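> Just passing along the structure, written as structure tokens.
The values are calculated or read from the model by the stated rules, or taken from the named source; none is laboratory data. A quick note: this is a predicted structure, and the numbers were derived from the prediction, not measured. A quick note on method: Cβ atoms are made from the backbone with ideal geometry, for glycine too, and the neighbour counts reach across all protein chains shown. These accessible areas exclude ligands, DNA and RNA; they are computed on the full protein's heavy atoms, side chains included. Shrake-Rupley method; radii C 1.70, N 1.55, O 1.52, S 1.80 Å.
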Amino acid sequence: MPRKQRFCLDTTALTDTSVRDALGVKTITESTDKILDLIAEARMKLDISCHIPYPSVYNELIGFLERENCPKDVLVKVDTWLVKKTPNRYEIKIPSEIFYEYIKDLRERINKGMRIGENTMYETALQTYGLSQSKELNREEVINQVLSKTINTFRNKYRSALRVGTLDSAPDLDVLLLAKELDAAVVASDEGVEKWAQRLGLRFVKARDFPFMLEEYLSHIK
């Protein structure tokens, strides 16, 4: 019998597109159902436990499933096989260097986002001025043409600068805190969660690999 394994699941461990593709299913309900069956078997046969931060990540997952009109039996599996636990935020100790790195990273991202905003305003003004010289376009047409192009570009650049590769939500942080508290591996498909799991010295499993890892454990039962 291998050493007992604990896993702490982010929402993306069950809902991410890469997970659905790996399992050959189309909906979040289907991927959740398949993974929970594996988790149940691993729990009963190998005493492997899978935890989910409550209420943050749990509510996020349930929200995804309810929007798909998920059958009740799958929701029952969520409550049965995922151990819901609130991280003990007052007792978990995080090195001050980690906090320092996070603040430094956040400041750099804010400054980058501000530069993106400034450049976008400048580019928008230039495009508006250029189009305004045309006698074929009225004021509303000029504004619509410029905004339809620049707003989407700005959103993509801004999101990449401020959110990709960092912790940008309370559920993300709860996953890391609970994993640290339980000495569990983090299961996610999120660059920010992966990056800061490494910073905290936590084990990390990519969401798309997790079901196959459970299958590998189960294949060695004698």
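> Could you sort 214-222, 88-96 so that the peptide with the highest average Cβ count within 10 Å comes first and the rest follow in order?
214-222, 88-96
> Calculate what fraction, in whole %, of the accessible area of the chain sits on carbon and sulfur atoms when a 1.4 Å probe is rolled over the protein chains.
Ligands and nucleic acids excluded, carbon and sulfur reach 52 percent.
> Obtain the radius of gyration and the Kirkwood radius of region 164-209 from its C-alpha atoms and give Rg over Rh.
My calculation puts Rg/Rh at 0.91.
> What is the spin-label model distance, in nm, from residue 26 to residue 72 if the labels are put 7 Å beyond Cα along the C-beta direction?
2.6
> Could you estimate the translational diffusion coefficient of region 1-127 from the Stokes-Einstein equation, with Rh from the Kirkwood formula over C-alpha pairs, at 20 °C and 1.002 mPa s, in whole µm²/s?
The estimated diffusion coefficient comes to 120 µm²/s.
> Could you calculate the FRET efficiency of residue 97 with residue 118 from 1/(1 + (r/R0)^6), where r is the beta carbon distance between them and R0 is 35 Å, rounded to 0.05?
Details: r = 32 Å, r/R0 = 0.91.
Using R0 = 35 Å, I get an efficiency of 0.65.
> What does a probe at residue 220 reach in region 22-45, counting residues whose amide N is under 14 Å from the point 7 Å along Cα→Cβ?
none
> Using modelled amide H (1.01 Å from N, peptide plane; none on Pro or chain starts), what sits under 5 Å from the amide H of residue 205, excluding residues fewer than 5 places away?
Those qualifying (amide H under 5 Å, at least 5 residues apart or on another chain) are 186, 187, 188.
> While we're looking at this one, here's another question. Pick out, from 40, 179, 127, the residue whose Cα sits farthest towards the positive end of the charge dipole of the chain, with +1 on the Cβ of Lys and Arg and -1 on the Cβ of Asp and Glu.
179
> Kindly flag which residue pairs out of 112/195; 4/195; 157/180; 72/206; 149/195; 34/206 have an alpha-carbon separation exceeding 21 Å in this structure.
Cα-Cα > 21 Å for 4/195; 157/180; 72/206; 149/195; rest within.
> Based on a Kirkwood Rh over C-alpha pairs, give the Stokes-Einstein translational diffusion coefficient of region 58-112 at 37 °C and viscosity 0.692 mPa s in µm²/s.
Rounded to a whole number, D works out at 222 µm²/s.
> For region 145-221, what is the largest minus smallest coordinate of the Cα atoms on each principal axis, given in angstrom and ordered from greatest to least?
63, 27, 17
> What residues qualify as long-range amide H neighbours of residue 27, i.e. H under 5 Å apart, gap of 5 or more or another chain, H built at 1.01 Å from N?
none
> Taking 4 °C and 1.567 mPa s as the conditions, I'd like the Stokes-Einstein D for the chain in µm²/s, using the Kirkwood hydrodynamic radius from alpha carbon pairs.
Taking Rh from Cα pairs, D becomes 65 µm²/s.
> Leaving out ligands and nucleic acids, and using a 1.4 Å probe, what accessible area per residue does the chain come to in Å²?
60
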